[in-house]
Amino acid sequence: MRPMEGMRVIALEHAVAGPLCTRHLVDLGAEVIKIERPGDGDFARAYDDYVDGISSIFIWLNRGKRSVTLDIKQDDGRAAMDALIAGADVLVQNLAPGAAARLGLTHAALKATNPKLVVCDISGYGESGPFVRKKAYDLLIQAESGLISVTGTEDEPSRVGISIADIATGMYAMTGILSALLRRSRTGEGSNVKIAMLDAVAEWMTYPMLRHAYAGSAQPRMPTSHPAIAPYGAHRTKDGQVIMGLQNEREWATFCDKVLGRTEVRTDPLFADMARRRANREALTALIEDFFSDKSSVEVSALLDQAGIANGRLNDPIDAWNHVQFAARDRWREIGTEAGRVRALLPPVTFTDHEAAMGDVPRVGQHTDQVLTELGFTAQRIAAMRAAHAA
């Protein structure tokens with residue numbers, strides 16, 4: 001039995017944060033009914049057409065869900081929505097600021113008819129304060145949270161190359177929902193979980209915020225290095241570079257003795273402890289790269305492996321796609337889409353007694369008739385809803 005088998009999740013979602021949360025819930029066995037706009041559906045379906053004409057982002061975030069198209073501003077559409085919520089365990093929404101309240105889809109409005117319901121509200125900046133009405137996209141949250149200021153090169157700040165604010169928010173939303181369901185199993189009562197994108201990324205930014213607030217020291221942008229640890233990051237070799245990192249004095253001693261073969265470097269006044277290595281990072285990098293200069297990246301990696309020093313390769317996404325570790329551990333599955341079968345990675349959380357659901361990616365409104373019929377809507381009523389663009 002999967003952990004969420006038998007639970008129904010209604011998802012009023014679009015883009016990334018909400019869909020990522022519910023994608024993980026469906027992998028855990030929940031029935032996720034995704035409510036989409038009649039016609040085009042979730043606008044993330046049109047983000048790109050990289051996977052045989054289908055949006056790569058939509059494929060990533062929406063496998064296994066049942067797609068139902070409803071216009072909940074129309075009477076029949078709202079009646080269907082109310083019937084779905086009445087039998088649901090969880091409602092997830094990441095609509096525009098204030099939209100859920102205007103539609104009467106708050107926890108306060110719904111708990112009278114479904115006291116066990118867990119409602120998860122995802123917003124950009126929270127539900128109060130001067131930014132409450134501002135639109136919040138991933139890039140904007142990266143900027144407002146300070147994340148962009150610590151990312152990029154010394155000369156140029158940069159957005160993180162994936163939608164990390166949305167991803168952080170989606171994962172915290174899932175954690176909140178699972179926590180609320182755990183409490184409900186003990187109390188019998190639902191609850192309201194609220195996640196703000198700004199809060200999610202600010203949590204991850206606590207270290208550089210503490211550093212700046214209490215030491216007056218802004219974290220420098222170091223593309224592949226670490227602001228507090230040295231040596232750490234990319235080091236050039238004869239034919240490329242190797243990424244490596246030393247976390248503590250024990251590893252530093254091992255590196256000097258077994259990799260460099262120069263025990264005197266370990267106690268050199270320039271490098272004798274982490275603070276001095278950090279202060280003299282350029283000299284340390286030059287020393288290490290001089291030693292690596294007549295060795296290939298493969299040779300350097302092997303040398304580091306033999307000494308037990310952490311290292312890795314600077315892979316492109318296609319290198320990660322073809323990573324031998326995924327193949328060796330049987331991490332790939334195939335899922336269905338409108339365009340045919342595509343590969344999908346198993347989710348990171350692995351149970352030893354069952355596998356993630358790994359369902360197909362639905363087309364817009366694929367399950368509308370089926371779900372409405374389950375709710376007791378007649379074929380004539382469904383046809384009328386389609387004619388009125390309510391479904």
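Overview of values
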{"item": "Helices (runs of 4 or more DSSP H) within the stretch 73-136 that include 1 or more residues polar (S, T, N, Q), modelled with pLDDT of 95 or more and not assigned by TED's automatic domain parsing to the domain that holds THR169", "result": "none"}
{"item": "Pick from the stretch 119-135, criterion touching a residue at least 60 places away in the same chain (Cβ under 8 Å) and more than 16 Å from the chain's Cα centre (by Cα), ranking: surrounded by the fewest Cβ atoms within 10 Å (Cβ to Cβ)", "result": "GLU127"}
{"item": "Unique match (being touching a helix residue (DSSP H, G or I) at 6+ places or on another chain (Cβ under 8 Å), at pLDDT 95 or above, surrounded by fewer than 22 Cβ atoms within 10 Å (Cβ to Cβ) and under 24 Å from ILE57 (Cβ atoms)) among ILE164, ILE177", "result": "ILE164"}
{"item": "Residue count, the stretch 39-53 (criterion: touching a helix residue (DSSP H, G or I) at 6+ places or on another chain (Cβ under 8 Å) and either not basic (Lys, Arg) or not assigned by TED's automatic domain parsing to the domain that holds GLU355 (or both))", "result": "7"}
{"item": "Complete set of residues in the stretch 364-375 that are out of contact with any Ser or Thr (no Cβ under 7 Å at 6 or more places or on another chain) and either free of Cβ contacts under 8 Å to residues at least 40 places away in the same chain or closer than 17 Å to PRO19 by Cβ (or both)", "result": "ASP369, THR373, GLU374"}
{"item": "Some residue of the stretch 150-157 being crowded, with 17+ Cβ neighbours inside 10 Å, of a type outside the set (Lys, Arg) and either in the same structural domain as ALA30 (by TED's automatic domain parsing) or at pLDDT below 95 (or both)", "result": "yes"}
{"item": "Tally, over the stretch 184-235, of residues that are hydroxyl-bearing (Ser, Thr, Tyr) and part of a loop (DSSP other than H, G, I, E, B)", "result": "3"}
{"item": "Per-region count, the stretch 12-32, residues surrounded by fewer than 24 Cβ atoms within 10 Å (Cβ to Cβ) and closer than 22 Å to GLY104 by Cβ", "result": "2"}
{"item": "So LEU270, is it in a loop (DSSP other than H, G, I, E, B), in contact (Cβ under 8 Å) with a residue 24 or more places away in the chain and surrounded by fewer than 13 Cβ atoms within 10 Å (Cβ to Cβ)", "result": "no"}
{"item": "Residues of the stretch 290-312 satisfying the condition of being out of contact with any helix residue (DSSP H, G or I) (no Cβ under 7 Å at 6 or more places or on another chain) and within 16 Å of TRP252 (Cα to Cα)", "result": "ASP305, GLN306, ALA310"}
{"item": "Condition met for TYR232 (exposed (fewer than 13 other Cβ atoms within 10 Å of the Cβ), of a type in the set (Phe, Trp, Tyr) and free of Cβ contacts under 8 Å to residues at least 24 places away in the same chain)", "result": "no"}
{"item": "Which numbered condition THR237 misses (of (1) polar (S, T, N, Q); (2) touching a Phe, Trp or Tyr at 6+ places or on another chain (Cβ under 6 Å); (3) at pLDDT below 90)", "result": "(3)"}
{"item": "Selection status of ARG363, assigned by TED's automatic domain parsing to the domain that holds TYR50 and surrounded by 13 or more Cβ atoms within 10 Å (Cβ to Cβ)", "result": "yes"}
{"item": "Residue within the stretch 47-56 that is under 15 Å from the mean Cα position of the chain (by Cα) and in a helix (DSSP H, G or I) present", "result": "yes"}
{"item": "Residue that is nearest to PRO362 (Cα to Cα), among those in the stretch 326-345 that are in contact (Cβ under 8 Å) with a residue 40 or more places away in the chain and part of a strand (DSSP E or B)", "result": "THR337"}
{"item": "Cβ pairs under 9 Å, 6+ apart, first in the stretch 276-304 and among the acidic types (Asp, Glu), second assigned to a helix (DSSP H, G or I)", "result": "GLU299/PHE292"}
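The values are calculated or read from the model by the stated rules, or taken from the named source; none is laboratory data. Quick caveat: nothing in here was measured; it's all calculated off a predicted structure. Quick reminder, even Gly has a Cβ in these numbers, built from the backbone with ideal geometry, and neighbours come from all protein chains shown.
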